[in-house]
Amino acid sequence: MTKMRMLEGIRVLDLTNVLSGPFASLHLALLGAEVIKIENPKDGDLARKLGIVPEYNKQLMGTSFLAQNSNKKSVTLNTKSAEGKEIFKKLVKDSDVVIENFRPGVMDRLGLGYKVLSELNPKLVYCAISGFGQTGPDSMKPAYDQIIQGLSGEMAVNGDERLNPLRTGFPVCDTVGGMNAAFAVMAALFHRARTGEGQFIDVALLDSIMPLMGWVAANLLIGGKQPVVMGNDNFTAAPSGTFKTQDGYINIAANKQEQWEAVCDVLEVPELKVDPRFQERDTRKKNRKALTPLLEAKLTTRGTDEWVELLNAKDVPSGAILGLEAALRQPQVKHRNVLQKVKVDGIGEIEVFGLTALFDKCSGDVAAPPPKLGEHNAEILARIGLGADELSALKSKGVI
């Protein structure tokens, strides 16, 4: 028996580009919502041309686009044209969600803002994603992920005394903003199921990233302590961070007193347990620079994998530091079905991320490849009564 899909029957009109919005709608699509990408007729989502493989970019199927758009459908529509606006409004009447990540005010200027659309469909959930939110002194400023990383304080807490500020190695603000938007849409749909009401959701990338720094921010807001950049060390405990081994590096997180004592036993350095610099948690943290070389003197006598096995056996969390390819291919990731395969016409079989929350009663699989630009025009626009002749005429006008 085929498992029910969690959001089966929910229709999403997705006007978003590049990452934050597409990442939000991807999660809705993986949960079974019908996500219809509304793209400009010329070249669609900008991500179609953003990627490391030039030939895919020329096909408007860049790797950046392929990564975020499985299970979606594509309709091309010039929403600046009168015909395009009317088509979009007709689609809204039978939809549940609209997601956009334009700068504030763009949809209002098009005559397609929330006020207009909610009059057509009072149950509509409308989610607007932007860098700074819909209101406020910075709301109209342009924003990319790296700008938000800098303004959020996130870059300032990375690195160490040699390399700071330091950007996170992937667009974390865009990604977290998209996840926040997906969470908000789900909450709004739950509210609608109980009350029948749609609503407007205002998601800002700046707001979205800040709670992820909760512990660091709490130390400042509650404890009055400015953050100290510590590189690969964890400020909450010692030894907790990255250490040299014979053949590379290891992460060790001895956050509890008994774990610290187990580290001393495994490394055969019992004298460190009674050293007054290291006996208590807070004194160990203050003396971590003295502790690290003493531990590395032992750790560099064996390889990472051997130490990982020995430490984990004593309930001390530890692990190798993997390159991306090794991380993606590790047995646990395969067991969890984190990566799934899908066949894309003209490109072949690719691997993309599936839903990483596993439900025992609902599926969340990658069921369809990222769509070609305008691939679903006929299917979707037939629902509002447009036949082949009308589509041909709209195409000649540049509306689709």
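Can you name the residue in the stretch 183-213 that is outside any helix (DSSP H, G or I) and of a type in the set (D, E, K, R) and is also surrounded by the most Cβ atoms within 10 Å (Cβ to Cβ) among such residues? Talk me through it step by step, then tell me what you get.
If we filter the stretch 183-213 for residues that are outside any helix (DSSP H, G or I), which is where we start, we get 196-204.
With of a type in the set (D, E, K, R) added as a condition, the list becomes 197, 202.
Values: GLU197: 13, ASP202: 17.
For the stretch 183-213, the residue satisfying everything is ASP202.
Among the residues making up the stretch 276-291, a single one is farther than 24 Å from ASN158 by Cβ and buried (at least 17 other Cβ atoms within 10 Å of the Cβ): PHE278. Of note, ALA218 does not satisfy the criterion of being among the small types (Gly, Ala, Ser), within 22 Å of LYS314 (Cα to Cα) and surrounded by fewer than 18 Cβ atoms within 10 Å (Cβ to Cβ). Of everything in the stretch 157-182 that's crowded, with 18+ Cβ neighbours inside 10 Å and hydrophobic (A, V, I, L, M, F, W, C), which residue is farthest from ILE99 (Cα to Cα)? Taking the candidates together, the pick is VAL157. The condition (being out of contact with any Pro (no Cβ under 6 Å at 6 or more places or on another chain), closer than 15 Å to VAL98 by Cα and without any contact (Cβ under 8 Å) to a residue 40 or more places away in the chain) is satisfied by just one residue among LEU189, LEU120: LEU120.
Are any residues in the stretch 341-372 within 23 Å of GLU55 (Cα to Cα), within 18 Å of the chain's Cα centre (by Cα) and not aliphatic (A, V, I, L, M), and if so, which ones? Explain how you work it out, then say what you get.
Step one: of the stretch 341-372, the residues within 23 Å of GLU55 (Cα to Cα) are 341-353, 368-372.
Those still in the list that are within 18 Å of the chain's Cα centre (by Cα) too: 351-353, 370.
Within the stretch 341-372, GLU351, PHE353, PRO370 meet the criteria.
Any residue in the stretch 297-308 that is surrounded by 14 or more Cβ atoms within 10 Å (Cβ to Cβ), farther than 30 Å from ASN71 by Cβ, among the acidic types (Asp, Glu) and free of Cβ contacts under 8 Å to residues at least 12 places away in the same chain? Yes, the stretch 297-308 has at least one match. Is it the case that some residue within the stretch 347-360 is out of contact with any Asp or Glu (no Cβ under 8 Å at 6 or more places or on another chain), under 30 Å from ASN78 (Cβ atoms), modelled with pLDDT under 95 and not assigned by TED's automatic domain parsing to the domain that holds ALA254? No, the conditions are met nowhere in the stretch 347-360.
Of all residues in the stretch 23-39, one or more are farther than 23 Å from GLY113 by Cα, more than 14 Å from the chain's Cα centre (by Cα) and not in a helix (DSSP H, G or I). Checking the stated criteria, GLY136 turns out not to satisfy the condition of being under 16 Å from the mean Cα position of the chain (by Cα) and either in the same structural domain as LEU13 (by TED's automatic domain parsing) or of a type in the set (Asp, Glu) (or both).
Before we move on, is ILE400 of a type outside the set (Lys, Arg) and either modelled with pLDDT under 95 or closer than 30 Å to SER81 by Cβ (or both)? Against the criterion (of a type outside the set (Lys, Arg) and either modelled with pLDDT under 95 or closer than 30 Å to SER81 by Cβ (or both)), ILE400 qualifies. Across the stretch 311-340, the number of residues qualifying as surrounded by 15 or more Cβ atoms within 10 Å (Cβ to Cβ) and part of a helix (DSSP H, G or I) comes to 1.
Just checking, which of ASP138, ASP96, ASP145 is acidic (Asp, Glu) and closer than 30 Å to SER392 by Cα?
ASP96
If you check LEU373 against the conditions, is it assigned to a helix (DSSP H, G or I), hydrophobic (A, V, I, L, M, F, W, C) and surrounded by 14 or more Cβ atoms within 10 Å (Cβ to Cβ)? In short, no. Could you please find all residues in the stretch 214-251 being among the aliphatic types (A, V, I, L, M) and assigned to a loop (DSSP other than H, G, I, E, B)? Within the stretch 214-251, ILE222, VAL228, VAL229, MET230, ALA237, ALA238 meet the criteria.
Residue by residue, here is whether (1) in contact with a Cys (Cβ under 9 Å, 6 or more places away or on another chain); (2) farther than 24 Å from LEU28 by Cα holds:
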residue: SER74; (1), (2): no, no
residue: LYS80; (1), (2): no, yes
residue: LEU117; (1), (2): no, no
residue: GLN134; (1), (2): no, no
residue: PRO142; (1), (2): no, yes
residue: ASP145; (1), (2): yes, no
residue: ALA156; (1), (2): no, yes
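The values are calculated or read from the model by the stated rules, or taken from the named source; none is laboratory data. Source: prediction; values computed, not measured. Because the Cβ atoms are built from the backbone with ideal geometry, glycine has one as well, and the counts that use them run over all protein chains shown.
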